[in-house]
Amino acid sequence: MPAASVSGIQPTLEFIPPNYTPWVLRFARWVFPWLIKQQAIAQLVAHNAETLAALFQDFQAGKTRLIVAFRHPNTNDPLVMSHLLWEAVPRAAKAKGIALRDPVHTHFIYDRGIPLWAGDHVAWMFSKLGGTSMQRGKLDRPGMKSARELLLNGQFPMAAAPEGATNSHSEIIGPLEPGVAQMAFWTVEDLRAAGRSERVAIVPVGIQYSYLSPPWENIDRLMGDIETSLGLDPLTHPQDAAEQRYLRLYRIGDRLLNLVENFYKQFYNQALPEPVADDDPNVQMGDRLKKLLDVALQVSETYFGVSSNGSVEDRCRRLEQAGWERIYSDDGRSISPVERGLANWVAAEATSRMNHMRLVERFTAVTGSYVREKPTAERFAETLLILWRVTTWIQGGDAGNPPLLGKQRVDLRVGEPIWVSDRAADYKASRRKALNDLTQELRSTLKNLIVS
């Protein structure tokens, strides 16, 4: 497993409050287009941006409170969302004669863990752009209070990714967390308590990446690099190019699963269940992966003494929080050198044990049939980049800087708003059902914004 990323206890994680600063936004509006080009994004196409422009007009007029709920398939999503807000929406507003005040911008919620790997400068910029931090896996009261206040009184609408994290697949939507729906209903209640008449809406935004031309040569080269890292010899049997490409991908997945399965059997004494009996090898591989991820989580859960109930995402969040409580535990009080030494020991061990959860996070988006169902360059590339990140991370390399395989087009599709105010009676009658219904409708709407 990769080496621990910290050698001792760290200062307690503090809430990072929003501190919107106009000149930082002006700077970001100048530099973000350059950053987008650096990611080989050559085309950005906004669909139905006039709907979002009209909603912003109503927000600016004090008629609505708004949550922009965007899909999160890629780490570049914040960059492409900036294009939608800062360029596409104002352009659509001008074309439709919709009067908007500058800037067209949003507050946003981001994971408190991002600055831990991206750096303090990112935390500074996110705060200055009006973002508010939120810790996953715990009841983050300061974060929730801040988000709730911004939704009620913020200068801009709120943006959030209801999937909670990237899933690396443009054509698959992950499970949605209920936080966006909950915050929308809270805003309805807060407005009513304040005697205000604004309506509350969630507007879904789909984000989908594709290549301007299929980068098969670069895909084949990346496959070769991964094969080398796994100790696989090149295929020598002449076959149809497309079929051979898929066979290589399958061999990579099978080899990686074998290595990690044996790792848990040999060093953690884990007995992995036999895969489901099925004639389709893709079904078997998917089942093997599911069982492997469950074992990896159990190894971490046993160490931290946390529950194994719930979805994979829920389990990962609990483990992350359990690890953070051991690592980010220096509250500034004076302790003896021996106490600090023991605390450092605990922090290093916690970091190491969290690697099992990090492995699951990197694998969890992989399916056994995604490429087989539709062997496009996009699906090959997305799956290979997940495998590249996993193998690079295991080797201790920089998995945060994946290779760019070709120039991409990004389609941003604005859906029709979901009016949460109209569901106030449903929420009053049954909060759980109303939350679930709203979350499922949002998921269905985001799914329908994916175009094959």
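A short reminder: the numbers here are calculations on the coordinates, not readings from a lab. Since we're looking at a predicted model, the values are computed, not measured. Neighbour counts run over all protein chains shown; Cβ positions are idealised from the backbone, glycine included.
Suppose the chain between TYR246 and GLN155 were pulled fully straight at 0.36 nm per residue; how much longer would it get relative to their current alpha carbon spacing?
Values: separation 91, 0.36 × 91 = 32.76 nm, distance 5.02 nm.
So the extension gain works out to 27.7 nm.
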For this session: Sum up the charges of everything whose Cβ sits under 14 Å from the Cβ of SER421, counting Lys and Arg as +1 and Asp and Glu as -1, but leave SER421 out.
Result: +1
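Cβ under 14 Å from ALA377's Cβ, ALA377 left aside: what net charge do those residues give with Lys, Arg +1 and Asp, Glu -1?
Working: positive: ARG221, ARG245, LYS374, ARG379, LYS407, ARG409; negative: GLU171, GLU217, ASP220, GLU378, GLU382.
Counting the neighbours of ALA377, the net charge comes to +1.
I need the calculated FRET efficiency for the pair GLU349 and ASP294, taking r as the beta carbon distance and R₀ as 25 Å, to the nearest 0.05.
On the way: r = 22 Å, r/R0 = 0.89.
Given R0 = 25 Å and the Cβ-Cβ separation, E is 0.65.
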Exercise. Around TYR303, with a cut-off of 12 angstrom between Cβ atoms, what is the net charge of the other residues, counting Lys and Arg +1 and Asp and Glu -1?
Worked result: 0
Problem set entry | Eligible aspartates and glutamates near LYS96 by straight Cα distance, threshold 16 Å, same-chain separation 8 or greater | GLU50, ASP58, GLU87
For this session: Using only the Cα atoms of segment 314-452, build the gyration tensor, take square roots of its eigenvalues as a ≥ b ≥ c, and label the shape rounded, prolate or oblate: rounded if a/c is under 1.5, else prolate if a/b is larger than b/c, else oblate.
Result: oblate
Exercise. Can you pull out the trypsin sites (Lys or Arg not before Pro) in segment 93-170 that DSSP calls coil and that have at most 15 other Cβ atoms within 10 Å?
Worked result: ARG101
Exercise. Under 30 Å from the Cα of LYS291, which lysines turn up, not counting those fewer than eight places away in the same chain?
Worked result: LYS138, LYS265, LYS374, LYS447
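Between GLN395 and ALA424, 0.36 nm times their residue separation minus their Cα-Cα distance comes to what? Walk me through the numbers on the way to the answer.
Details: separation 29, 0.36 × 29 = 10.44 nm, distance 5.14 nm.
Additional length available on full extension: 5.3 nm.
What translational diffusion coefficient, in µm²/s and rounded to a whole number, does the Stokes-Einstein relation yield for the chain at 37 °C and a viscosity of 0.692 mPa s, taking the hydrodynamic radius as the Kirkwood radius over Cα pairs?
Details: Rh = 23.8 Å.
Answer, rounded: 138 µm²/s.
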Exercise. So what is the calculated 222 nm ellipticity per residue for the chain, using -39500 (n - 2.57) for each DSSP H run with n of 4 or more, over all residues, to the nearest 500 deg cm²/dmol?
Worked result: -17000 deg cm²/dmol
For this session: May I ask you to compute the full-extension gain from ARG221 to SER197, defined as 0.36 nm times their residue separation minus their alpha-carbon distance, rounded to one decimal in nm?
Result: 2.8 nm
For this session: Let me know the Kirkwood hydrodynamic radius for segment 216-394, please, with Cα pairs as the basis and the value in Å to one decimal.
Result: 18.3 Å
